[in-house]
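Contents: one structure, followed by commentary.
The values are calculated or read from the model by the stated rules, or taken from the named source; none is laboratory data. As the structure is a computational prediction, the values presented were derived from the model and not from experiment. Note that each Cβ is placed from the backbone with ideal geometry, even for glycine, and that neighbours are counted across all protein chains shown. Quick note on the areas: whole protein, heavy atoms, side chains included, nothing else; ligands and nucleic acids left out. Shrake-Rupley method; radii C 1.70, N 1.55, O 1.52, S 1.80 Å.
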Amino acid sequence: FYGPISAQVESLCGWSPGDIAWVANAANAAMLLSIPPSAGLAERSGLRAPTLICAALLAVCTALRCAWPPGAHAGAFPLALASMTCNGLAAAWLNFAGPVISATWFPAQERGLATAAIAVAPFLGQSVGFVVGPLAVPHGRGA
């Protein structure tokens, strides 16, 4: 998330490259830990529960990203770490539920398109983020 704008984050918030790596790794670690529980929850309660939990985690993730008071960059690191942890907890279900959802919710003749759309959407969003992120965040200190 912060990779494309790392130079701006380093100068604005005073983060080191290690801090930026920690934020990214928090999401990866949380995802690895949440894979078995999300699969177990889907088996026990169906697709609705993990999908709603995933949506709630992403809402918390977004709220934490928006919670930074203007000019208060010193406390941004814990919020970013918590945000990316919520993102990682939701990612397990987002990454692996696509084929299950398409097999359950779509008729046989529509499953290929549904699975393709679910598989491509995260990568398309990340690609747009790598282009829009640096364009949306000005370069340099105090910009």
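For Ala49 and Ala67 in one chain, what is 0.36 nm times their gap in residues minus the Cα-Cα distance, to one decimal in nm?
3.8 nm
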Check your understanding: Helix 17-45 sits at what angle to the longest principal axis of the chain, using alpha carbons and giving 0 to 90 degrees rounded to 10?
Key -> 20
Exercise for review: List, in order, the whole-Hz ³J(HN,Hα) value for each residue of the range 116-130 obtained from phi through the Karplus relation with A = 6.51, B = -1.76, C = 1.60 and θ = phi - 60°; use x for Gly and Pro.
Suggested key: 5, 5, 5, 6, 7, 3, x, 6, 5, x, 5, 5, 5, x, 5
**Study point:** Relative contact order (%) - the chain, alpha-carbon pairs under 8 angstrom, separation at least six
**Key:** 34
Review point. Tally Lys/Arg at +1 and Asp/Glu at -1 over every other residue whose Cβ is under 12 Å from the Cβ of Ser102; what's the total?
Key: 0
Study note, to complete from the structure: Karplus ³J(HN,Hα) for the range 54-68 (6.51 cos²θ - 1.76 cosθ + 1.60, θ = phi - 60°; Hz, whole; x = Gly/Pro) runs 4, 4, 5, 4, 5, 5, 5, 4, 5, 4, 5, 5, 8, 7, 5
Study note, to complete from the structure: Given Cβ charges of +1 for Lys and Arg and -1 for Asp and Glu, the option among Ser11, Ile101, Val60 whose Cα lies farthest towards the positive end of the dipole of the range 6-135 is Ile101
Practice item. Normalise the Debye intensity by I(0) for the chain, one equal point scatterer per Cα, no solvent, then take log10 at q = 0.15, 0.18, 0.19 Å⁻¹ and round to two decimals. Key: -0.84, -1.08, -1.16
Point to revise | the chain - percent of accessible surface contributed by carbon and sulfur, probe 1.4 Å | key: 72
Review point. Given charges of +1 on the Cβ of Lys and Arg and -1 on the Cβ of Asp and Glu, with all other atoms neutral, how large is the dipole of the chain about its Cα centre, in debye to the nearest 20?
Key: 160
Review point. Against the longest alpha carbon principal axis of the chain, how many degrees, from 0 to 90 and to the nearest 10, is the axis of helix 76-96 turned?
Key: 20
Exercise for review: Would you calculate, for the chain, the mean residue ellipticity at 222 nm contributed by helices, counting each DSSP H stretch of 4 or more residues as -39,500 (n - 2.57) and dividing by all residues, to the nearest 500?
Suggested key: -26500 deg cm²/dmol
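Taking the mean number of other Cβ atoms within 10 Å as a proxy for protection, how do you rank 79-87, 9-17 from highest to lowest?
Values: 79-87: 21.0, 9-17: 15.4.
Ranked by mean Cβ neighbours within 10 Å, highest first: 79-87, 9-17.
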Check your understanding: Cysteines of the chain lacking any other cysteine beta carbon under 4.7 Å?
Key -> Cys13, Cys54, Cys66
